[in-house]
Every structure is written in structure tokens, then in C-alpha cells.
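Heads up: the structure comes next, in C-alpha cells.
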Amino acid sequence: MPNNRTFTMIKPDAFEDGNTGAILAAIEKAGFKLVSAKLTKLTKKQAGDFYAAHAQRPFYEDLCKYMSSGPILAAILEKQNAVEEFRNLIGATDPKNAAEGTIRKRFAKSIEANAIHGSDSDSAALTEGNFFFSSLEQF
Ligand code: IDP
Ligand code: MG
């Protein structure tokens, strides 16, 4: 995937709260185009595989439970400098530290239930997009 793509998930808390539409609107308003999108639900094992890089962190077990607790909206997004621009749009991991107007400031409940995921590098964007979508599903 070139560096004009990133991967996101609208997490279970934001989906459950009915914020999926508002979050997608903010994403499109910021100039991102949808390349792929899927409403799905991870098993705990799949959540563990997705977040394998965090396996040694103290919050890993809780994170896997939370990320498999309900439906998520997974998507690949396109924009110039997508990874960095999208991290700016979503804001800091902990909503207490997220800048005004960011998606996490607006919609996150806590450092764990923080509404949305954004890839942290081009290589993560590629791996994470391919975790959810076949090449035929990537427009
Ligand atoms: P990021 O999503 O902003 O890139 P990461 O450090 O990659 O943050 O952590 C992945 C996810 O794990 C976070 O989005 C959040 O849901 C959860 N998480 C991160 N740090 C903590 C913590 O200290 N306590 C509980 N959950 C956390
Ligand atoms: Mg991360």
C-alpha cells in the first residue's frame, strides 16, 4: 500500500453509542476517501492477533476483550500523507490529552475505549488493511 493510505476501525464503544455516522462524516470532511469498508466483529483471538505487538503490555488482555465486545467498522482510507494526517485527525490515545476537535476528543470515553484506531506507519497500514480486506475489496 502506498503512503497515501491508512487503516482505521471505529471501535465497539463508538459503534454502540451510535457515533459511526458522525465519525465517518468527520473523516470524509477531512478529505479522506473510502477505499474499503466493512462492519464486522472480531473474536478475542482475532483481536489478540491484530494487537499482537502489544502482547507484553499490561492492558493487552483487557484490550482484546474490549475490541471483541461488539461490532466494529473497519476501513481503508486514502489521502495524501494519510497515516500522519489521520493520526492528527483522531488525536492522542488518551482523550484527556486529545486536542479540541479531534475524533477522540469528541467521542472517546477513556484511554481504552477511545472510539477509533489509526495505523501508526505505512507498513502497519498495509498489514492492518490486509488483515481485514482481500485485494478484491480494496478500491
Ligand atoms: P493508539 O491506538 O493511539 O495507536 P496504542 O498505544 O497503539 O495507541 O494502543 C492501542 C490501543 O490500546 C489504544 O488505542 C487503546 O484502545 C488501548 N490502550 C493503549 N494504552 C492503554 C492504557 O494505558 N490502558 C488501557 N488501554 C490502553
Ligand atoms: Mg497504535
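Conditions first: (1) surrounded by 19 or more Cβ atoms within 10 Å (Cβ to Cβ); (2) in contact (Cβ under 8 Å) with a residue 60 or more places away in the chain. N81 passes all but one, so which condition is the exception?
(1)
Starting from residues that are open to solvent by 40 Å² or more (accessible area, probe 1.4 Å) and assigned to a helix (DSSP H, G or I), keep the ones in the stretch 15-30 and report whichever is farthest from G118 (Cα to Cα).
Out of the qualifying residues, it is E16.
What helices (runs of 4 or more DSSP H) completely inside the stretch 35-139 contain at least 1 residues that are away from ligand 1 (no atom under 12 Å from the Cβ)?
Counting at least 1 such residues, we get 44-50, 82-90, 103-107, 122-132.
Out of everything in the stretch 23-55 that is in contact (Cβ under 8 Å) with a residue 40 or more places away in the chain and of a type in the set (G, A, S), what residue ends up being farthest from K65 (Cα to Cα)?
The qualifying residue farthest from K65 (Cα to Cα) is G31.
Tell me the residue from T43, T8 that is surrounded by 17 or more Cβ atoms within 10 Å (Cβ to Cβ) and among the hydroxyl-bearing types (S, T, Y), please.
Of T43, T8, the one residue that is surrounded by 17 or more Cβ atoms within 10 Å (Cβ to Cβ) and among the hydroxyl-bearing types (S, T, Y) is T8.
With A14, A22, A115, A74 as the choices, which residue is over 12 Å from the mean Cα position of the chain (by Cα) and of a type in the set (G, A, S)? Walk me through it before giving the result.
Details: A14 fails: over 12 Å from the mean Cα position of the chain (by Cα); A115 fails: over 12 Å from the mean Cα position of the chain (by Cα); A74 fails: over 12 Å from the mean Cα position of the chain (by Cα).
Result of the check over A14, A22, A115, A74: A22.
Give the residue, chosen from S69, S119, that is closer than 25 Å to G18 by Cα, away from ligand 2 (no atom under 12 Å from the Cβ), at pLDDT 95 or above and crowded, with 17+ Cβ neighbours inside 10 Å.
Matching residue, one of S69, S119: S69.
The conditions are (1) in contact with a Lys or Arg (Cβ under 8 Å, 6 or more places away or on another chain); (2) within 14 Å of ligand 2 (Cβ to nearest atom); (3) open to solvent by 90 Å² or more (accessible area, probe 1.4 Å), and R57 fails exactly one of them. Which is it?
Among (1) in contact with a Lys or Arg (Cβ under 8 Å, 6 or more places away or on another chain); (2) within 14 Å of ligand 2 (Cβ to nearest atom); (3) open to solvent by 90 Å² or more (accessible area, probe 1.4 Å), R57 violates only (1).
The values are calculated or read from the model by the stated rules, or taken from the named source; none is laboratory data. This one's a predicted model, so the numbers in the text were calculated from it and none came from an experiment. Positions of Cβ are backbone-derived with ideal geometry, glycine not excepted, and every protein chain shown enters the neighbour counts. Side chains are part of the model used for accessible areas, which takes the heavy atoms of the whole protein and leaves out ligands, DNA and RNA. Shrake-Rupley method; radii C 1.70, N 1.55, O 1.52, S 1.80 Å.
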